[in-house]
Amino acid sequence: MIFDDQHYDVIVIGSGPAGATLLRPLLAAGLKILLLERGEPLPLADQNVADVDLFRKDRYHPDEQWFGPDGDPFAPQMIYAPGGNSKIWGGVLERMREREFHGLTLQEGPTPDWELRYGDLAPWYERAEALYRVHGRGGVDPTEPPRGGDYPHAPKPVEPFLEELRLGLQRQQLHPYDLPLSWSESPVDPSGDAELFGLADLSAQPDLTLRCGAEVTSLHVNPSGTAVKAVEARIDGQSWLFQAHQVVLAAGAINSAVILLRSASDRHPHGLANGSGQVGRNLMKPQLTAILQRASAPNSGRFAPALGVTDYYWGDKNVDFPLGSIRNGGGVLQDPLFAESPPLLSLVSRLLPDAALEWLADRSITWWAMSTVRPDPENRVTLRGERIQITYLPNNREAHDRLVYRWLDSLKTTEDDPLTRVVQRAPIYPRGEAPLSVMGFACGTCRMGSNPATSVVDLEGRSHEIANLTIADAGILPGCPAVGPGLTLIANALRIAERLVRELRP
């Protein structure tokens, strides 16, 4: 065991979208920070893949396997590196809708009230969009929540064939809008993520110590079990202990829960901060289905996500329960989510010659249908010895299927439009649901709330039980937005950072 002789103001565990984002306000307040990141920096060549090679290598899978509901091992799609899972979001950052904070009535039942309102996060959304250089245009998306002003940057230009497709969708009385994208000015690293906008310009800060390759294994408490006294991490095969006034868990919805469960002790036999029994429970990830549409002419297969459609967000002409959102997935050859679960190609894509795969990709347009799910305490993260066990049964499936078929109808109508020449009718629309392994949008495993009996942290991320423990990642989100949790996670991290500064620098 090696004891670090430094005492920090804050230890942040994880450098993904939550951990990287809250560093800036903490450092601006003059706090001394230790950032522990399990992985090593991802080579630039692996971050911006736009080639058939995306289907050939398991870039976005850590060297570990988890167990699924059937007891079989699987390789999760996760990023252990500075920037975390924001590396596979494609830069898309959207605000939650106002009604989602109140809880929704889905076809299968209600989702929880967040106990926060849109107005509580609105100023933090603005700061998050500015920090992450979000490009977009307000006033087009019919479900868009109120904004204090337009986006910090104008939308990125989209591919010409997508502009024609946009007009075709508008002729159906749909409202396609430019997806809000985090985008840099770097030609070699254009898509925004938490490393680029959270960490890149902070590396020279004297009050920041970054330790990569540091896997946190447990949190040790004082004799009374009321505060974290040390953080234990494995670095180069050796155990290290680090100390700080405050500890912030930002390792992601899965691994933050795992760290707490592995920190069980006599005072906390069921895991640290788990008096409510909620640690690891209520695991959520949006229902995702990829749909391929045939293009009339080849495209590059290499372009960013571009268009979103939310006309079915709250239902359709036949039902009044929420269905979800549609987004263009970008070019097939640079969409890591599609590479994880290509419809009808999952078995053959890795066997096709490069030329055949390239031919297929540049004649396709990818769409993703995304629906919310309800928190279910039986959907959870547990430990199986030293390994991670995921128990998960998707819900809200009928509503998601309805969304998929409504979108298929829209695609067929567009293809029958003589003015829309960039797509053509196909005998089938290859499609498939994202598998269990897609964990980049996971949330809910350490839910926040005002009631300690039913939540793990309060509405500002404080543990109900451990005085100096904060959780800031997607695990604390009580619900699962149908536009993805990315921007909400970043905005909430900024909100939590302000509270930490207030408490540590009164």
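Just one of (1) touching a helix residue (DSSP H, G or I) at 6+ places or on another chain (Cβ under 7 Å); (2) open to solvent by 30 Å² or more (accessible area, probe 1.4 Å); (3) at pLDDT 65 or above fails for Leu357. It is (2).
Among the candidates Arg387, Arg425, Arg421, Arg447, the residue that is under 26 Å from the mean Cα position of the chain (by Cα) and surrounded by fewer than 22 Cβ atoms within 10 Å (Cβ to Cβ) is uniquely Arg387.
Here Pro206 fulfils each of the conditions (1) surrounded by 15 or more Cβ atoms within 10 Å (Cβ to Cβ); (2) part of a loop (DSSP other than H, G, I, E, B) apart from (1). Does Thr414 meet the test of being of a type outside the set (Gly, Ala, Ser) and open to solvent by less than 10 Å² (accessible area, probe 1.4 Å)? Taking the combined requirement at face value, the residue satisfies it. Considering the stretch 95-127, and only residues there that are of a type in the set (S, T, N, Q) and surrounded by 16 or more Cβ atoms within 10 Å (Cβ to Cβ), the residue that is farthest from Pro375 (Cα to Cα) turns out to be Gln107.
In the set Arg402, Arg380, Arg397, only one residue is open to solvent by less than 100 Å² (accessible area, probe 1.4 Å), within 30 Å of Ala264 (Cβ to Cβ) and within 25 Å of the chain's Cα centre (by Cα); that residue is Arg380.
Restrict the check to the stretch 106-118 and report whether at least one residue is in a helix (DSSP H, G or I), over 22 Å from Ser437 (Cβ atoms) and touching a helix residue (DSSP H, G or I) at 6+ places or on another chain (Cβ under 9 Å). The answer is yes; a qualifying residue exists.
Going through the stretch 171-198 one residue at a time, which ones are under 20 Å from Ala497 (Cβ atoms), of a type outside the set (Asp, Glu) and either assigned to a loop (DSSP other than H, G, I, E, B) or open to solvent by less than 20 Å² (accessible area, probe 1.4 Å) (or both)?
Result: Ser182, Gly192, Ala194, Gly198.
Each residue in the stretch 432-471 was checked for being part of a loop (DSSP other than H, G, I, E, B), among the acidic types (Asp, Glu) and over 21 Å from Leu23 (Cβ atoms), and 2 of them qualify. Every condition in (1) buried (at least 24 other Cβ atoms within 10 Å of the Cβ); (2) in contact (Cβ under 8 Å) with a residue 60 or more places away in the chain holds for Ile476 except the one numbered (2). Taken as a whole, the structure places Ala230 among residues that are aliphatic (A, V, I, L, M), in contact with a Phe, Trp or Tyr (Cβ under 8 Å, 6 or more places away or on another chain) and under 26 Å from Ser263 (Cβ atoms). Checked against (1) closer than 26 Å to Glu108 by Cβ; (2) surrounded by 17 or more Cβ atoms within 10 Å (Cβ to Cβ), Asp409 meets all criteria but (2).
For the stretch 257-314, the candidate set comprises residues that are among the basic types (Lys, Arg) and either assigned to a loop (DSSP other than H, G, I, E, B) or under 25 Å from the mean Cα position of the chain (by Cα) (or both); within that set, the residue that is surrounded by the fewest Cβ atoms within 10 Å (Cβ to Cβ) is Arg267. Set side by side, the residues Val216, Val228 differ, and just one is at pLDDT 95 or above, of a type in the set (Val, Ile, Thr), surrounded by 15 or more Cβ atoms within 10 Å (Cβ to Cβ) and over 24 Å from Pro76 (Cβ atoms), which is Val228. Applying a threshold of 7 Å to beta carbon distances and a minimum spacing of six or more residues, or different chains, the list of pairs starting in the stretch 12-41 at a residue that is in contact (Cβ under 8 Å) with a residue 24 or more places away in the chain and part of a strand (DSSP E or B) and ending at one that is among the acidic types (Asp, Glu) and open to solvent by 10 Å² or more (accessible area, probe 1.4 Å) reads Ile33/Asp9; Ile33/Asp207.
Only one of Ala130, Ala154 is open to solvent by 50 Å² or more (accessible area, probe 1.4 Å), hydrophobic (A, V, I, L, M, F, W, C) and either more than 16 Å from Leu307 (Cβ to Cβ) or within 21 Å of the chain's Cα centre (by Cα) (or both). Can you tell me which?
Answer to the check: Ala130.
Among the listed residues Phe321, Phe338, which satisfies the condition of being within 28 Å of His175 (Cβ to Cβ), modelled with pLDDT of 70 or more, among the hydrophobic types (A, V, I, L, M, F, W, C) and assigned to a loop (DSSP other than H, G, I, E, B)?
Only one candidate qualifies: Phe321.
The values are calculated or read from the model by the stated rules, or taken from the named source; none is laboratory data. Just so you know, these numbers come straight off a predicted model, no measurement behind them. Here the Cβ is made from the backbone with ideal geometry for all residues, glycine too, and neighbour counts use every protein chain on show. When the accessible area is computed, the model is the full protein with side chains, heavy atoms only, and any ligands, DNA or RNA have been set aside. Shrake-Rupley method; radii C 1.70, N 1.55, O 1.52, S 1.80 Å.
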